Structure formats: C-alpha cells, structure tokens
Amino acid sequence: MREHAWKYFDVHANQRMTVFNFFLVLSGLVSAGLATVLQGTNVPALVGVVLGLLLVIVSFVFWKLDQRASFLIKRAEDALARLEPSLPEPACHLFLGESQATRDDMAATNPWNRQWTYGRSFRVVFWAMALFGILGCALSLSRFTSSDTLAGSGSGAQSATRLAPTEKPAADPMRTPVPADRSTTPDR
C-alpha cells in the first residue's frame, strides 16, 4: 500500500516539475520573440500583440495544470501521512508532521526567513510572465495603432510630413556649407 502511494506521489511530483520546466522554455521563447518586436525591429507590431496574448494564455494554462498536479500530490501526501503511523520509528514520520512544520515556518516574523512553497514560487513566475505578456501586448497594440494611424493619414492626399519627389531635405545647420563652384575659392 505504501509503495503504491509513493509511486503515485513520485509520478505527479516529477510531472509537476517537468511541466514547469516546459513552461519556462516555452515562455522564454515567446518572451524573446515579444522582446524582439518591442525593440522596434522590422517585425510588424501585430506579431507582438499575438505573442503577448499567447504568453498570457500559456501562463494561464500552465497555472491550471500546476493546480491539478498540486492537488494530486496533496492526495498522495495525505495517503502517505496516514500510512506512516505503522512505521516503527517516529523519526520516519515525514509526511505526518510536514504540514504543521510548514505552517509554523511560514508564520515566522521576518519575511526573509519564511519558506515559500513550490506552488507559491510557481505562481509568482506564472503571474510575472502573464503580466509581461499583457504589457507587451499593450505596447505592441499601441505601436500597431500609431503606425496604422500614420499610414492611414496619407490616403488620398500627400501627408504634410512627406516630401514631394523633387524636394530635397533641408540642409543641416550644424554642417559647414561647401561651395558648389570651386572657381570662387582663392588659389594657393
């Protein structure tokens, strides 16, 4: 019976870590793509909107998967805690007193000395990635709408900021003018 509960615990604990590692890789790739778009490269801003939304969705889905894995692990821990009293050594009762020991440690007065559970640590990462996705989506959307507005303002008539094909840009006031005809310069 104990071996069955332990295997159940082991499978779901390993699954939880594997899923979280996969989330880190996937969200890292999406974040890198989003950061590239936000740097103002030639990638369309709409791609940033899609990547931002994707990062939010991926964070939500993996958060829900982590909740399920956590629930299954807690069930295995409860089963192991019920089986532990049959062990001859009280020092081997690891699961039986673990939840109370964790609660006692989390009640520490100094917040820097408090332990964080895996669930809390993972939730911080899920929320941070989701917030980065929301921020990236908003910035990309603002860039997309501003570029769309600029592109749409020139329809039908030339925009005031555009130059006619024969116009040349104004001379740079910081640059020294070079005479067009060298014959006016004194000989040496």
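The values are calculated or read from the model by the stated rules, or taken from the named source; none is laboratory data. Just so it is clear, the model here is predicted, and its values are computed rather than measured. Ideal geometry is used to build each Cβ from the backbone, glycine not excepted, and the neighbour counts take in all protein chains shown.
Taking the criterion of being under 30 Å from A32 (Cα atoms), charged (D, E, K, R) and at pLDDT 60 or above, would at least one residue in region 140-151 satisfy it?
yes
Do you know which residues across region 105-119 are surrounded by 11 or more Cβ atoms within 10 Å (Cβ to Cβ) and assigned to a helix (DSSP H, G or I)?
Matches in region 105-119: D105, M106, Y118, G119.
For region 50-59, indicate whether the set of residues that are in a helix (DSSP H, G or I) and exposed (fewer than 15 other Cβ atoms within 10 Å of the Cβ) is non-empty.
Yes, region 50-59 contains a residue that is in a helix (DSSP H, G or I) and exposed (fewer than 15 other Cβ atoms within 10 Å of the Cβ).
Condition (residue is modelled with pLDDT of 85 or more and either in a helix (DSSP H, G or I) or in contact with a Pro (Cβ under 6 Å, 6 or more places away or on another chain) (or both)) applied to region 86-101: is it met by at least one residue?
Checking region 86-101: not a single residue is modelled with pLDDT of 85 or more and either in a helix (DSSP H, G or I) or in contact with a Pro (Cβ under 6 Å, 6 or more places away or on another chain) (or both).
Taking V19, is it of a type in the set (A, V, I, L, M) and under 30 Å from L141 (Cα atoms)?
no
Please work out which residue is nearest to H12 (Cα to Cα), limiting yourself to region 48-82 and to residues that are modelled with pLDDT under 90 and hydrophobic (A, V, I, L, M, F, W, C).
A76
Give the residue that is nearest to M17 (Cα to Cα), with candidates limited to residues of region 46-81 that are among the polar types (S, T, N, Q) and under 21 Å from the mean Cα position of the chain (by Cα).
So, considering only residues that are among the polar types (S, T, N, Q) and under 21 Å from the mean Cα position of the chain (by Cα), the one nearest to M17 (Cα to Cα) is Q67.
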